[in-house]
Structures are given as C-alpha cells and as structure tokens.
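One structure below.
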Ligand code: F6R
C-alpha cells in the first residue's frame, strides 16, 4: 500500500482524476471499478472536465460499480444507477451498454450476484478499482465482519452507514437497509486500487484502515493485503496517521510521482 497526502481536498481529487486519466489513456479499453458517494462527486466532475477539455476518451471503457441498494429501481433518484448517470455517464462519451451495476430489484438476487461476478471475469477482471471508505470502515458496502474472501452478495447495512446515507433520501426512513455489493474478495482481485479519502470525519477510520491491524472488523484494512493499492488522502483525513511525514516524502521524491507533482 502506498499513501499519498495532498494539502487539500481539491488537490487530492485532482490527483485521483489524473491517475485514472493516465490509466485510461494507456489502455482505452480499461475496465474501471467505480464507487458512489459524496467523495466521488467532485472526482466525477473532474473526469467530465478532462473529457470536455482534454479529450479524455471513454468510448471503449467498461465500468463496474461496487454496489446498489436492494429494492431501488434504476430510475429511482437515490439509486446508484441514477447517481452514475447524473454525475458521470451522461457527461462523458461512454457507451451505456458498457456500464454495469448490480441490480437492486432482481427477482433472484443471489443468481444476479453470480452473474455480476461472471460478467467481471468475461471482461478480463477490473484493471483499476476506485474506492471510498465509509465511517464504518466499509469499502463498497462490505460492512464489519465481511469475509475477506467474500464475493458479490446482499449485505445488511450497519446503523453507522444508515446514519451516513439516509439524509440523502427525501424521507430518510425510506433508505433501504440492504444493498448488493461486490465482496472484499472481488475488490482485492482488481489489478490496481485507488482509494480516495477526504475530510476530517474520515481521519479516525483512515488511521484504522491503513495503520491498524488487518481485521474484518474494518473491511478497508484488507487493502493492506493488496499489492498495488494507493490511498490518496487530504491533510484532514490524514491527520491521525503516524507515518504522515514518510507518506509526504514519498510523493515529493519518488520518480513514479514526478509527472503528477
Ligand atoms: C458507495 C461506496 C461506499 C462509499 C463510502 C464513502 O458506492 O462504495 O463505500 O465510498 O460510503 O462515502 P462518502 O464518500 O459519501 O463518504
């Protein structure tokens, strides 16, 4: 794992966007794993800007989102399909047939989860997986005690996650209590992972995920096991990290980051 600290949220997002853009330019058929949530909104705005102003081409890109609420139709304004169309897909030149999300309303959810895994394999696996971290330590909707070998499946959401996301619903009590999510095992199979974490509300959980013990009580700590995982944090989210000076040194001095400085 490599931790990169940027001075503020804007620079953290800019860096994440540049890393994704570089990967897409190097491999136009990139299989991109996507996340939703507040953290990703300005990142998707930045990617849309790179498409518009710097011809970043998504025409051959394939995408797989991490998760979707159980019981929400794709056109529901709180569904993640709706979120992705609004924040990214409608603003870039992606072919919507190449964009995939789990179905929250499939008749046979278990079978649908298996099909989702099969589709990822058919596309050759995820090349670059984008992640955020929830206050419960989840990645995707892998709540505490998710097995590190878990695959796409239905997961019950914790009270912490319900408190985090229910204000986004007109009637908070209508937020679904279950979601379909890629598993921790599915996520760990991505060839590269970019995790973006910003803001002081994430400082405590980021320190547990990055420097704490690897434990299924904090699903994001599983990222310590991945060979090519970058965590991009702003100073606020990085505030509790013991190794902050070292992480800052890496970005300023390592040759691989030169083009991004
Ligand atoms: C949602 C997802 C979640 C979020 C996490 C952080 O698709 O993958 O793990 O990344 O809940 O959400 P925000 O950015 O809203 O704090």
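The values are calculated or read from the model by the stated rules, or taken from the named source; none is laboratory data. All figures in this text were calculated on a predicted structure; none of them were measured in a lab. Don't worry about glycine lacking a Cβ; one is built from the backbone with ideal geometry, like all the others, and counts go over all protein chains shown.
Tabulated results
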| item | result |
| --- | --- |
| Filtered residue count, segment 10-41, keeping only those that are within 16 Å of the ligand (Cβ to nearest atom) and either buried (at least 21 other Cβ atoms within 10 Å of the Cβ) or within 16 Å of the chain's Cα centre (by Cα) (or both) | 15 |
| Residues that are part of a loop (DSSP other than H, G, I, E, B) and either free of Cβ contacts under 8 Å to residues at least 12 places away in the same chain or in contact with a helix residue (DSSP H, G or I) (Cβ under 8 Å, 6 or more places away or on another chain) (or both), drawn from segment 21-36 | 30, 36 |
| Where residue 45 falls short, out of the listed (1) more than 26 Å from residue 150 (Cβ to Cβ); (2) in contact with a helix residue (DSSP H, G or I) (Cβ under 7 Å, 6 or more places away or on another chain); (3) away from the ligand (no atom under 12 Å from the Cβ) | (2) |
| Verdict on residue 67 being closer than 20 Å to residue 131 by Cα, touching a strand residue (DSSP E or B) at 6+ places or on another chain (Cβ under 6 Å) and surrounded by fewer than 16 Cβ atoms within 10 Å (Cβ to Cβ) | no |
| Answer from 154, 184, 197 - the residue that is touching a residue at least 40 places away in the same chain (Cβ under 8 Å) and over 26 Å from residue 103 (Cα atoms) | 197 |
| Contacts under 6 angstrom Cβ, first residue in segment 77-94 being in contact (Cβ under 8 Å) with a residue 24 or more places away in the chain, partner part of a helix (DSSP H, G or I) and more than 13 Å from the ligand (Cβ to nearest atom), 6 or more apart | 91/48; 92/48; 92/51 |
| Matching option when the condition is in contact with a strand residue (DSSP E or B) (Cβ under 8 Å, 6 or more places away or on another chain) and under 13 Å from residue 137 (Cα atoms), among 215, 195 | 195 |
| Residue match in segment 108-118 (condition: surrounded by fewer than 17 Cβ atoms within 10 Å (Cβ to Cβ), part of a loop (DSSP other than H, G, I, E, B), on the phi < 0 side of the Ramachandran plot and in contact (Cβ under 8 Å) with a residue 24 or more places away in the chain) | no |
| Cβ pairs under 9 Å, 6+ apart, first in segment 200-226 and assigned to a helix (DSSP H, G or I), second at pLDDT below 95 | 201/135; 202/135; 204/135; 205/135; 205/136; 219/136 |
